[in-house]
Amino acid sequence: MRVLGIDPGLRNMGWGVIEAVGSRISHVANGICKSEGDDLAARLLSLHQQLTDVVAQHRPEAAAVEQTFVNKDGAGTLKLGQARGIAMLVPAQAGLVVGEYAPNAVKKAVVGVGHADKAQIAHMVKVQLPGVQLAGPDAADALAIAICHSFHAQTSGSLAAALAKASA
């Protein structure tokens, strides 16, 4: 299964693509969509176009996005939410189901603790994807989201298979 992870952001939207075969994962690509334009609408459009290009080029079979946490700046949270909408819309337009994960769930899946910092996340992504060249911290976070989704998809697939076998 090819998984696209997206770390939403209005200035920088990180993305990462992994290939998951059973419990083995490998790096496909990663990068950062940088918004361009003078106003919010233009910036959102540029993110939409860049992320659409990523989906077309790498053809993921699943996608996952980090959930937004609410911070003290309401206007900033709202803008981040709009970027997150783009992050969910583009894969949905490609016919993909989009998984959503809380930041602590992603950190726990990749690092083992729910309150890891960006350096720890990047380190563990490099451990799990040997030889990966990270485009930046946002791309590392996006790869972590993809890894988290692949673990959850594998677990839910195993559970579904066990339930089907038990009911047969």
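The values are calculated or read from the model by the stated rules, or taken from the named source; none is laboratory data. Fair warning: this is a prediction, and the values are worked out from it, not measured in the lab. A quick note on method: Cβ atoms are made from the backbone with ideal geometry, for glycine too, and the neighbour counts reach across all protein chains shown. For the accessible areas, the whole protein counts, side chains as well, though only heavy atoms, and no ligand, DNA or RNA atoms are used. Shrake-Rupley method; radii C 1.70, N 1.55, O 1.52, S 1.80 Å.
Residue check: is ALA94 touching a Phe, Trp or Tyr at 6+ places or on another chain (Cβ under 9 Å), open to solvent by 30 Å² or more (accessible area, probe 1.4 Å) and not hydroxyl-bearing (Ser, Thr, Tyr)? Judged against the criteria, ALA94 is not a match.
Residue-by-condition table, conditions (1) more than 19 Å from LEU143 (Cβ to Cβ); (2) of a type outside the set (Phe, Trp, Tyr); (3) in a strand (DSSP E or B):
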site: TRP15; (1), (2), (3): no, no, yes
site: ALA42; (1), (2), (3): yes, yes, no
site: HIS48; (1), (2), (3): yes, yes, no
site: GLN57; (1), (2), (3): no, yes, no
site: GLY81; (1), (2), (3): yes, yes, no
site: ALA87; (1), (2), (3): no, yes, no
site: VAL90; (1), (2), (3): no, yes, no
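With the structure loaded, tell me whether GLU36 is open to solvent by 40 Å² or more (accessible area, probe 1.4 Å) and part of a strand (DSSP E or B) or whether it fails that test. So GLU36 fails the test.
When the stretch 1-13 is filtered for residues that are of a type outside the set (A, V, I, L, M, F, W, C), crowded, with 20+ Cβ neighbours inside 10 Å and part of a strand (DSSP E or B), the ones remaining, listed by number, are GLY5, ASP7.
How many of the residues making up the stretch 24-33 are open to solvent by 20 Å² or more (accessible area, probe 1.4 Å) and modelled with pLDDT of 95 or more?
Residues in the stretch 24-33 being open to solvent by 20 Å² or more (accessible area, probe 1.4 Å) and modelled with pLDDT of 95 or more: 6 in total.
Of all residue pairs spaced 6 or more apart or on separate chains, those with beta-carbon atoms under 9 Å, a first member in the stretch 57-69 that is at negative phi and surrounded by fewer than 22 Cβ atoms within 10 Å (Cβ to Cβ) and a second member that is hydroxyl-bearing (Ser, Thr, Tyr) and part of a strand (DSSP E or B) are GLN67/TYR101.
None of VAL17, VAL21 is closer than 24 Å to VAL132 by Cα, among the β-branched types (Val, Ile, Thr) and modelled with pLDDT under 95 except VAL21. Annotation: GLY74 fulfils all but one of (1) in contact (Cβ under 8 Å) with a residue 24 or more places away in the chain; (2) exposed (fewer than 12 other Cβ atoms within 10 Å of the Cβ); (3) closer than 21 Å to LEU10 by Cα; the unmet one is (1).
A single entry from ALA20, ALA41 fulfils the requirement of being of a type in the set (Gly, Ala, Ser) and surrounded by 17 or more Cβ atoms within 10 Å (Cβ to Cβ): ALA20.
Close contacts from the stretch 126-141, counting a first residue that is under 16 Å from VAL106 (Cβ atoms) and a second that is at pLDDT below 95 and open to solvent by 20 Å² or more (accessible area, probe 1.4 Å), with Cβ to Cβ under 6 Å and a gap of 6+ residues or different chains, come to PRO137/LYS118.
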